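Okay, structure first, notes after.
Values in this text are rule-based calculations from the coordinates and carry no lab data. Here the structure is a predicted model, which is why all the values come from computation and not from measurement. Cβ atoms come from the backbone with ideal geometry, glycine included; neighbour counts cover every protein chain shown.
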Amino acid sequence: MIPDYFFAQAHQATFRRSPTEARAFFLQARRQFSSTCRRRVAPVSLTSPEAKSAQAYCADLVRKSDSPSYTLSHFVQPYALPAYLAIRAFNIEIARIPDIVSNTTIGQMRHQFWRDTINRTFAGNPPEEPVALLLASYMQETGIKPNKTWFQKIISAREQALTRPGFTNISALETYAESTYSTLLYLTLSALPLNSLAADHVASHVGKAAGIAAVLRGVPLLAFPPPPNSHSNNPAGMGLSMTRDRQRVVNLPFDVMSQCGVGEEDIFRNGGNAEGLRDAIFTVATRASDHLITARSLLNEIKSSEELSHEFEHQNDEGHEYEINQQADQPQESRRKDLERAYGTIMGPAISTQMWLDRLQKVDFDIFHNSLRTTEWKLPFAAWWRNRQQTF
């Protein structure tokens, strides 16, 4: 707020100065005010009250909006926990933009705000925002800088989904999952730090599976949107990709819907009993399951020192810059060590996604079944057991 005395001084100045001088006075005062209200927030130690408060905020946000990630945070290396929570909180903030804006223009402004926030954070001048403060503190304390490219890619992918919702085919859905959920895993790995072709290869398939499953979870919410401002109870990243004008949409790939003979209007009228809907859900869920099977196969090949069955299709994309020995013939022992370091990060989404797909199969792919929207109470026990076996 502008102090009252500023107006008093300005009022007196207008009577003492000519119009030209008065105009110059106001311009100078406005510049001074603008420069003082944007306070620079220097990164602080992770043990400082500011950083602790920021971490508590991020942890609470993840606990409330993305409970599986909060549960699985116990398997992340302790020193990297602040970065993990900051990155997951960032993902929640970006994913829920469609829920808190009334039109795409405001949504684009929110995305630009986060672009600026990330740029300022990496420049050492984070705004007073918990995610930015925690991330900046982590970078200063550890000297580790996550890959900035992945932050910007997630923002761009979410913004594109906001302005151009829907998927023309299942390949477009996979591209979206790669640009959001797989990229979220790359970002978390870079915060360890770990720059590994083998780890990224496994993370790509796990992320695609998680992203496809998230879009499936969002089908009931988009077909029958809840009242405004009820978004806080929705899990993060549910594939919500349209403005919150409460219009009903079925966010399944168009080619799958066409092949299965399911129409939007039929879903709006009959919900889960719409003809062909379960077949469409089965087709999309099978693609998610295929990616998990591929990820497990890669994991086993790396652990048994076998040659990988296929190359990483994104290894030449922006952000995937590896040492020459990784691109050509990385030693098998090095691959195993990289995967051991990455396991706690990759394992979580793989397990939670597989458990949800199993529940979907048990209800015969009825995406509207109430049991699919309940918390998976077995997740902590399953994660503990899989962690002991180093599998997912």
Report ³J(HN,Hα) in whole Hz for each residue of segment 253-260, in order, from the Karplus equation J = 6.51 cos²θ - 1.76 cosθ + 1.60 where θ = phi - 60°; Gly and Pro get x.
x, 4, 5, 5, 4, 5, 5, 8
So what are the ³J(HN,Hα) numbers for segment 342-348, from phi and the Karplus equation (6.51, -1.76, 1.60; θ = phi - 60°), rounded to whole Hz, Gly and Pro as x?
7, 4, x, 7, 7, 4, x
Subtracting the Cα-Cα distance of Ile144 and Leu372 from 0.36 nm times their residue separation yields 78.3 nm
For segment 343-392: relative contact order, % (alpha-carbon pairs under 8 angstrom, 6 or more apart)
54
On full extension of the chain, what length is gained from Ile293 through Ser156, given 0.36 nm per residue of separation minus the C-alpha to C-alpha distance?
46.4 nm
If Trp377, Trp114, Trp385 are placed from fewest to most neighbouring beta carbons inside 10 Å, the sequence is Trp377, Trp385, Trp114
For segment 58-121, just say rounded, prolate or oblate: build the C-alpha gyration tensor, square-root its eigenvalues into a ≥ b ≥ c, call rounded for a/c under 1.5, and beyond that prolate if a/b exceeds b/c, oblate if not.
oblate
Separation in nanometres of the label points that stand 7 Å from Cα toward Cβ, at Phe254 and Lys337
5.0
Pair Lys64, Gln389: separation of 7 Å Cα→Cβ label points (nm)
3.7
Calculate the FRET efficiency for Ser45 and Thr105 from the Cβ-Cβ distance with a Förster distance of 30 Å, rounded to the nearest 0.05.
0.15
Going by C-beta contacts inside 10 Å, put Asp266, Asp99 in order with the fewest on the left.
Asp266, Asp99
Please compute the net charge surrounding Phe282, taking Lys and Arg as +1 and Asp and Glu as -1 over other residues with Cβ under 11 Å from its Cβ.
-1
Over the alpha carbons of segment 97-166, what is the largest minus smallest coordinate on each principal axis, giving the biggest first in Å?
40, 21, 16
Rg and Dmax of segment 145-199, Cα atoms, in Å?
12.4, 36
Nearest 0.05, what FRET efficiency do Glu275 and His310 give at R0 = 30 Å with Cβ-Cβ as r?
0.20
Percent relative contact order for segment 305-392, counting Cα pairs under 8 Å at least six residues apart, stands at 28
